[in-house]
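The structure appears right after this line, and notes come after that.
The values are calculated or read from the model by the stated rules, or taken from the named source; none is laboratory data. Since this is a predicted model, take the numbers as computed values, not measurements. In this analysis, Cβ positions are derived from the backbone assuming ideal geometry, glycine residues included, and neighbour counts consider all displayed protein chains.
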Amino acid sequence: MLIAIVAVVVVIGFLVVLYNSLVGKKNQVTNVFGTIDALLKKRYDLLPKLIATVKAYMKHEKEVLEEITKMRAKAVSGRLSDDEQVELDNIMSKALGGIMVAVENYPELKANENFLQLQRTMNEVEEQISAARRAYNAAVTDYNNAVEMFPTNIVASMIGYRLKKVFEISEEQREDVDAEKLFKS
Amino acid sequence: MKTLEDLREFYNTTLLADLEVLERQRKDVVRKIGYVGIVVLCVAIVGVLFVGSSMAGQPMVILFPVVLSAIIGGVICYFLSKGYVTEFKSVVIRKIIHFIDEGLSYSQESYVPKSVFMMSKIFTRKPNRYKGDDLVFGKVGETKIKFSELNAVYESGSGKNKSRYTVFKGLFFIGDFNKHFSGQTVVLPDTAEKLFGRLGQKLQSLNVFRGQLVKLEDPEFERHFAVYGSDQVEARYILSMSLMKRIVDFKEKTRKKIYLSFIGSMVFVAIWYTKNLFEPRIFRTLLDFEPIKEYFGDLQLVIGIVDDLNLNTRIWSK
């Protein structure tokens, strides 16, 4: 009789440990997503200044700059779901990357103090966003491993935890941005 | 970046003259050491005979005068050579450093202070015997750097139970990092993962004294290093894909155990060397390109950290 009680207690204790580790991993994912959100806001705050500074010089990229302004309005409107945010972030990163590459064609812009300062800040924010995406993917991989691997998969299926999607990490964009190709969708 | 050919030319045009002067000093030192050696030997023999005749049958006691005279002899030799070593370093090593980069200065007796060594959080054990020499400092391009040889030891117990644990011995480098950050990230050589794979990683994550384990994407990097950080996102901001690759390449270049940390917007690099660096030869001729090549190689390696880790790329707001 005593042995049975001890066995039950041990099993329950074990399940509690597994449950807690799953919850911890799920929360880590949410935590990092929050960091990404905060960094995206930082980027959206910088954009109006950037657009204003480069608009006068970058005649060829006029359409892309207008699209970026539109995308920004959509992003800060607060009407996007998490997945749509992620989607938008990907397109935005590519567009911004392309603009930064295109700057090479405008020497007066490159000599502009305001622009140089902005460029440094933009580089920083973009790298931080990239770091946050990587941290998010690591957290999601950790969580997904727990949901799929034994023995935590038993507990995961009991409480209905599903697999999450990772961010796509886009390679550094080296080509100039082509307005049509980018905004086809 | 100075090449070996540049060095050879520098050796022939500038260094040889200085080396010839020092060679005379060296021969003088060797001669004096020879005399001391002979005297020590005579004293030892006399001592053994004296002690041996008055205390027959006690082998341990006979060793006493031998050991004593050897120690005294050793101390005398050390002081004899010290002047020569100082002269050599202040002429030759200083010139080689200046040759590699004119923005660098050299201070033979100075070394990285213990407070800075502990601040790097690379080594958690506080050493109680801490010394070093050969401090190099200055600016390479945009980056301020400082490095020296260090020998940090932790001794515990006394008498028979004395144990000596080397906390760190080698070159310790500090550089101004090219990004702002506020937490701490430490990159340590990874033994557990190499041996135990996934289980090793699990063991590493349980290391509570070190902060959170940061699992990074570069498999080559993960094989060599384990990273602990105060913030998951910041650790990845510092350790970009390109920096991770550069660190692995640098480690392979040194073929030594290396440790890094990123704290207070600075980068610390510790390279473990078992031998003393930048010491002149005493019993072999100085007029030889080989040791010069070695000094140059060691110095170039550590000064090259600035280029190897791309610290002069300043495209962020720092």
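Below are the figures for this structure:
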{"item": "Check on B:Val116, surrounded by fewer than 17 Cβ atoms within 10 Å (Cβ to Cβ), assigned to a helix (DSSP H, G or I) and touching a strand residue (DSSP E or B) at 6+ places or on another chain (Cβ under 7 Å)", "result": "yes"}
{"item": "Positions within region B:168-187 being more than 14 Å from chain A (Cβ to nearest Cβ) and under 20 Å from A:Ala131 (Cβ atoms), in sequence order", "result": "B:Gln184, B:Val186, B:Val187"}
{"item": "Filtered residues of region B:125-166 (kept if among the polar types (S, T, N, Q) and under 20 Å from B:Thr274 (Cα atoms))", "result": "B:Asn128, B:Ser148, B:Asn151, B:Ser163, B:Thr166"}
{"item": "Answer residue from region A:106-122, given it is touching a residue at least 12 places away in the same chain (Cβ under 8 Å) and assigned to a helix (DSSP H, G or I) and is nearest to the other protein chains (Cβ to nearest Cβ) among those", "result": "A:Thr121"}
{"item": "Members of region B:255-310 that are crowded, with 21+ Cβ neighbours inside 10 Å and of a type in the set (Ser, Thr, Tyr)", "result": "B:Ser261"}
{"item": "Failed condition for A:Glu148, given (1) more than 13 Å from chain B (Cβ to nearest Cβ); (2) closer than 30 Å to A:Leu18 by Cα; (3) modelled with pLDDT under 85", "result": "(3)"}
{"item": "Whichever residue in region B:168-193 is touching a residue at least 40 places away in the same chain (Cβ under 8 Å) and among the small types (Gly, Ala, Ser) and, among such residues, is nearest to B:Gly297 (Cα to Cα)", "result": "B:Gly170"}
{"item": "Selection count where residues are without any contact (Cβ under 8 Å) to a residue 60 or more places away in the chain, assigned to a helix (DSSP H, G or I) and either closer than 21 Å to A:Asn123 by Cβ or within 14 Å of another protein chain (Cβ to nearest Cβ) (or both), scope region B:213-251", "result": "12"}
{"item": "Close pairs from region A:127-140: first more than 7 Å from chain B (Cβ to nearest Cβ) and closer than 19 Å to A:Lys164 by Cα, partner among the basic types (Lys, Arg) and surrounded by fewer than 23 Cβ atoms within 10 Å (Cβ to Cβ), Cβ under 7 Å, at least 6 apart", "result": "A:Val140/A:Lys164"}
{"item": "Every residue from region B:139-158 that is under 28 Å from B:Ile100 (Cβ atoms) and within 18 Å of the chain's Cα centre (by Cα)", "result": "B:Ile145, B:Lys146, B:Phe147, B:Ser148, B:Glu149, B:Leu150, B:Asn151, B:Ala152"}
{"item": "Residue ID - modelled with the lowest pLDDT, chosen from residues in region A:154-181 that are touching a helix residue (DSSP H, G or I) at 6+ places or on another chain (Cβ under 6 Å) and either assigned to a helix (DSSP H, G or I) or more than 30 Å from A:Ala102 (Cβ to Cβ) (or both)", "result": "A:Ala179"}
